[in-house]
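One structure is given below, encoded as structure tokens.
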Amino acid sequence: MDHVVYIDAKEGDLEKLLDGKKRMIIRGATGRKLPYGRVEMGDQFYFIQNDGKCLVQASASVSMVINSEPLSPEESTHLLEKYQDQLQLTPKQIKRWAGKRYLILMGIDHVKSIKPFTVDRSEYGNLDDWLPVGDIQRVKVNNSKIMIP
């Protein structure tokens with residue numbers, strides 16, 4: 001399955017992914033919300049920075065998935081600390097994810113920069129930071145004139 005994944009532009013996540021420092025993606029919530037239980041090894045991620053440009057600029061393969069059981073705030077923080085070398089979270093990001101009851105940690109490999117394109121999000125009423133699109137070709141918009149500064 002292909003997933004469109006929004007990443008933090010202000011914290012430099014795209015650069016960390018492309019230079020190989022960041023090798024894991026995290027999501028979490030109080031309850032089991034997307035992408036909990038929906039990501040499997042071998043799935044493809046397509047990354048969009050949350051900078052308003054809505055451009056997919058990189059892709060990666062999923063190499064491992066951890067869907068946590070319900071966690072205490074302490075257990076949640078410990079899990080972040082255990083995988084921090086792969087997550088490469090900033091203090092602001094740690095504050096965001098620490099204490100979440102459910103965490104999803106997804107290891108990635110084969111990260112590569114790709115020719116930028118946009119996606120048609122019209123089927124996704126709730127524009128969250130995660131879109132399980134099935135096949136990326138189904139939502140890919142052909143933008144042959146996109147220029148990245």
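Our Cα-only numbers for the stretch 1-76 put the radius of gyration and Dmax at 13.2, 37 Å.
Rolling a 1.4 Å probe over the protein heavy atoms of the stretch 1-125, with every protein chain left in place, gives an accessible area that is 49 percent carbon and sulfur.
Could you give the size of the charge dipole of the chain about its Cα centre, using +1 on the Cβ of each K and R and -1 on the Cβ of each D and E, expressed in debye and rounded to the nearest 20? Please list the in-between numbers first.
Numbers: 22 positive and 20 negative charges, 60 e Å.
For this selection, approximately 280 debye.
Kirkwood radius, the stretch 94-138, all distinct C-alpha pairs, inverse of mean reciprocal distance: 14.1 Å.
Computed over the stretch 42-110, the P(r) tail beyond 16 angstrom holds 57 percent of alpha carbon pairs.
Would you count, across the stretch 29-149, every pair of lysines whose alpha carbons are under 25 angstrom apart, provided the pair is eight or more residues apart or spans two chains? Lysine pair count for the stretch 29-149: 18. Quick check on the chain: what does the Kirkwood estimate of hydrodynamic radius come out to from the alpha carbon pairs, in Å? Evaluated over the chain, this radius sits at 15.7 Å.
Among Pro70, Pro35, Pro91, the largest mean-square fluctuation in a Gaussian network model of the chain (Cα springs under 10 Å) belongs to Pro91.
The values are calculated or read from the model by the stated rules, or taken from the named source; none is laboratory data. The model shown is predicted, which means the values in this text are computed figures rather than measured ones. Quick reminder, even Gly has a Cβ in these numbers, built from the backbone with ideal geometry, and neighbours come from all protein chains shown. Accessible surface is based on the protein model in full, side chains and every heavy atom, while ligands, DNA and RNA are left aside. Shrake-Rupley method; radii C 1.70, N 1.55, O 1.52, S 1.80 Å.
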